[in-house]
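The values are calculated or read from the model by the stated rules, or taken from the named source; none is laboratory data. Fair warning: this is a prediction, and the values are worked out from it, not measured in the lab. When we count neighbours, we look across all protein chains shown, and the Cβ atoms used for this are built from the backbone with ideal geometry, even at glycine.
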Amino acid sequence: MDDFPRFLKKIKGDEGLRFIKKLLDYEKKRFDRYFLKGSVYEQINEDFGIFPKEKVYPVYFSGDISKPEAKYVFVGINPGFDIGINISFDSKQTAMWKSEREFLERRGLFEGYKNIFKEFFPTTATRTRTKKGLIKYYAHICSFLRKYQSERKVDNTWEWLHKNVIALELIPYHSSGTGGLTVNNEVKYERTYFQILIKMLDYLNPKNHVFFNGFSGFENHFKKFKECTNLKKKNNIWTGKIITARRRIDFIGLPFLNRVKGGKDQLVNNIKKALREK
């Protein structure tokens, strides 16, 4: 089996869903066959220093990526890890699936992540939900969008997220927190994972600004990437463009939405001011 950089070179000419499906097929085989017996675990921790020893499939996207039109795109640093969700639920809980891993094994990574908001989270009892049923990360996204897009209805439901939001990750591998997360080889990252993100954004062709959650953790990297231009910062808000093969995509870098200084109303005001002054 080809190593990861060599595999990416092989599929470089593929675009859109064809590229994404090949990538996820490769990752599933790589994790199923070689996660602990091979070098996958060691390589990921060498690159990023974060991955748990349990086999947890990488997250390149969540949401219905087959219908990207007019959807909001949010990019996180990397997916969280919770053994009670990813590996096995509390035996006292009633759930359709024993874990996210079981769901993805049965549905496949592409179909699983495409339908995760519709089929997995709504039918699963988890201890990380808010009272309204959303995992806190997505509850904060909905809360932000209600203030940012006040003229458009935003519901705190998995159904609304499935129809309106696609979540991407700067690093697709799980960790229980961002403490200790690091990009140990910036050149390798830019040539692999960042190029994957660029190809996915090129396919999605977002009509709204792309939002990066917790952008401060990647600001210094973005300053060095040739595909990132016009990067500006004011009032803890970043604006810029990402250059893909066919597009110039506007983005907004946000602080972590779960700890916004001054609250989300002030954040939205800062964003609108920054966009007026561009």
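Do we find that THR239 is of a type in the set (S, T, N, Q) and buried (at least 19 other Cβ atoms within 10 Å of the Cβ) in this structure? It is true that THR239 is of a type in the set (S, T, N, Q) and buried (at least 19 other Cβ atoms within 10 Å of the Cβ). Within the bounds of segment 95-108, is there any residue that is out of contact with any Asp or Glu (no Cβ under 6 Å at 6 or more places or on another chain) and modelled with pLDDT under 60? Yes, segment 95-108 contains at least one residue that is out of contact with any Asp or Glu (no Cβ under 6 Å at 6 or more places or on another chain) and modelled with pLDDT under 60. Only residues that are under 13 Å from PRO58 (Cα atoms) and not in a helix (DSSP H, G or I) were counted in segment 1-42, giving 1.
For (1) polar (S, T, N, Q); (2) farther than 30 Å from ILE116 by Cα; (3) crowded, with 19+ Cβ neighbours inside 10 Å, each residue gets a yes or a no:
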residue	(1), (2), (3)
TRP160	no, no, no
PHE218	no, no, yes
ASN230	yes, yes, no
LYS233	no, yes, no
GLN266	yes, yes, no
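Residues in segment 204-216 that are surrounded by fewer than 19 Cβ atoms within 10 Å (Cβ to Cβ) and of a type outside the set (D, E, K, R): 4 in all. Only one entry of ASP25, ASP14 meets the criterion of being more than 17 Å from ARG107 (Cα to Cα), in contact with a helix residue (DSSP H, G or I) (Cβ under 9 Å, 6 or more places away or on another chain) and either modelled with pLDDT under 90 or acidic (Asp, Glu) (or both), and that entry is ASP14. Just so you know, in segment 244-264 the residues that are aliphatic (A, V, I, L, M) and touching a residue at least 40 places away in the same chain (Cβ under 8 Å) include one that is surrounded by the most Cβ atoms within 10 Å (Cβ to Cβ), and it is LEU254. If the condition is being more than 22 Å from ARG259 (Cβ to Cβ) and not hydroxyl-bearing (Ser, Thr, Tyr), then segment 134-176 contributes GLU151, ARG152, LYS153, ASP155, TRP158, GLU159, TRP160, HIS162, LYS163, ASN164, ILE166, PRO172. Here PHE89 fulfils each of the conditions (1) hydrophobic (A, V, I, L, M, F, W, C); (2) buried (at least 20 other Cβ atoms within 10 Å of the Cβ); (3) at pLDDT 90 or above apart from (3).
Counting residues in segment 128-145 that are at pLDDT below 90, in a loop (DSSP other than H, G, I, E, B), polar (S, T, N, Q) and surrounded by fewer than 17 Cβ atoms within 10 Å (Cβ to Cβ) gives one or more.
For the condition out of contact with any Pro (no Cβ under 7 Å at 6 or more places or on another chain) and at pLDDT 95 or above, what is the one hit in VAL165, VAL183, VAL154, VAL187? When all the criteria are applied, what remains is VAL165.
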